[in-house]
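Nothing in this text is a laboratory measurement; each read-out follows from the coordinates by a stated rule. This structure is a prediction, so every number in the text was calculated from the model and none was measured. Here the Cβ positions follow ideal geometry from the backbone for every residue, glycine too, while neighbour counts run over all protein chains shown.
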Amino acid sequence: MNISTIGIDIAKEVFQVHGVDKMGKTVLKKKLSRKEMLAYFANLPPCLIGIEACGGSHYWSRKLSELGHEVKLMAPHFVKPYIKNQKNDANDAQGCCEGVSRPSMRFVPAKSIEQQDIQSLHRIRERLIKERTALVNEIRGLLAEYGIVIKKGINAVRKALPLHLEDGSNELTLLGRETFQSLYEEIDEKDKRIAAVTKKIEVIFKNSPICQRIEKIEGVGVLTATAIVAAVGDPKVFQNGRQMAAWLGLVPKQHSSGGKQKLLGISKRGDKYIRKCLIHGARTVVYRAEKKTDARSLWINNLVKSGGTNKASVALANKNARIIWALLAKKENYLKAA
């Protein structure tokens, strides 16, 4: 078999493979178990392999690349137009095979094990913060049933809850006080776990020259720098900074027709965690730019006057994403504007 391009529909145990030759003629349709995958592809000549970017795709990208194949990952919504007829494993594999050969296809950067380690820490930290927020809201809601109202915010709960537990004039019973004391201790436990994960991320940052180079940009901190390095394996997957900004969902959606350009809000595609970090970081810069007179601050202030703080923050996040791409792709240091 003269196979040039292969599409794989990956799963937990059963994998569907679809291959074509240089003329685009189907020469391979095969179902493989997980144990058979590496042995089968080790006996094939090097070829182009397309896989949807989903659970386990980065692992298989690394393993198949080690066997000499060229592996490219594609976002599922970009593969979908190439899937014919109804959805099944065989059609999905065929869609991957066809999509990966298209010159206009956009690919997802494959991650190394080190990048996945960093990303795992960020995911765990984000999950712990969400759980802590839910716990604080639960405490506030339960206390309201006893006639005790606490202001919003975790710091307000930290300060007020011990005082209410010690106050003998409220309606809290002994059982109620024990219950809320355990919830307060649970908040403290979440704080410690979040601090431990954050410390690990900070250690990674200190040992990474690339992260330190990115962090020099105004509005980019330790969390944002490490998260971007974890997400972007090869910056040259993007042709320019705008493509990376679009990959992060920081460019406007379009609804244009008949030569009339209509731009909407940002597309919100890609990694919402990194987008959130970039926008929140940009917002702090926007607030501080009001009293500054450098070129960057003047540009920000003009955006605030014309579109408001939120639009200025998103615009600055977009700009920072482009700068980050330039630093990663060209391996240069950030030069602050005068």
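Annotations
- Gap separating the Cα centres of segment 184-217 and segment 1-66, nearest whole Å: 38 Å
- Calculated from backbone phi, Karplus (6.51, -1.76, 1.60) coupling profile of segment 147-161 in Hz, x at Gly/Pro: x, 10, 10, 10, 4, 5, x, 5, 5, 5, 5, 4, 7, 7, 4
- Spatial separation of Cα centroids for segment 124-163 and segment 84-118, in angstrom: 43 Å
- Gaussian network model of the chain, Cα within-10 Å springs - most flexible of 129, 49, 201: 129
- In this Cβ point-charge picture (+1 for Lys and Arg, -1 for Asp and Glu), the chain has a dipole of about 1540 debye about its Cα centre.
- The chain: mean projected area of Cα convex hull, nm²: 24.8 nm²
- Whole-Hz Karplus values for segment 207-212 come out as 9, 10, x, 5, 4, 5 Hz, taken residue by residue from phi with 6.51 cos²θ - 1.76 cosθ + 1.60 and θ = phi - 60°; glycine and proline positions read x.
- Expressed to the nearest 5 percent, the antiparallel share of DSSP beta bridges inside the chain is 65 percent.
- Unsatisfied cross-links (Cα-Cα over 23 Å) in the set 80/330; 159/291; 130/268; 111/276; 12/72: 80/330; 159/291
- Here residue 287 and residue 131 are evaluated by their C-beta separation; at R0 = 45 Å the FRET efficiency comes out at 0.95.
- Residue-wise HN-Hα coupling along segment 57-62, computed from phi with Karplus coefficients 6.51, -1.76, 1.60 (Hz; x: Gly, Pro): 5, 5, 4, 5, 4, 5
- √(5λ) per eigenvalue of the Cα gyration tensor, segment 113-206, largest first, Å: 34, 11, 10
- Between the amide H of residue 75 and those of 53, 108, distances stay under 5 Å, these residues lying 5 or more places away or on another chain, with hydrogens modeled in the peptide plane.
- Each peptide in 277-286, 135-144 was scored by the mean count of other Cβ atoms within 10 Å over its residues; highest first, the order is 277-286, 135-144.
- Amide H contacts of residue 28: 19, each under 5 Å away and 5 or more positions distant or on a separate chain (H built 1.01 Å from N in the peptide plane; Pro and chain starts excluded).
- When peptides 114-125, 94-105 are sorted by average Cβ neighbour count within 10 Å, with the highest value leading, the order is 94-105, 114-125.
- Per-q log10 I(q)/I(0), segment 209-330, q = 0.10 Å⁻¹ (Debye; single scatterer per alpha-carbon; no solvent): -0.31
- Within segment 1-145, the percentage of alpha carbon pairs spaced more than 25 angstrom apart rounds to 37%.
- Nonlocal amide H pairs with residue 102, under 5 Å, H built at 1.01 Å: none
- Residues 166, 131, sorted so that the one with the fewest Cβ neighbours within 10 Å comes first: 166, 131
- Each listed q (0.10, 0.11, 0.23 Å⁻¹) maps to a log10 I(q)/I(0) for segment 62-165, found by the Debye formula over equal Cα scatterers with no solvent: -0.59, -0.64, -1.16.
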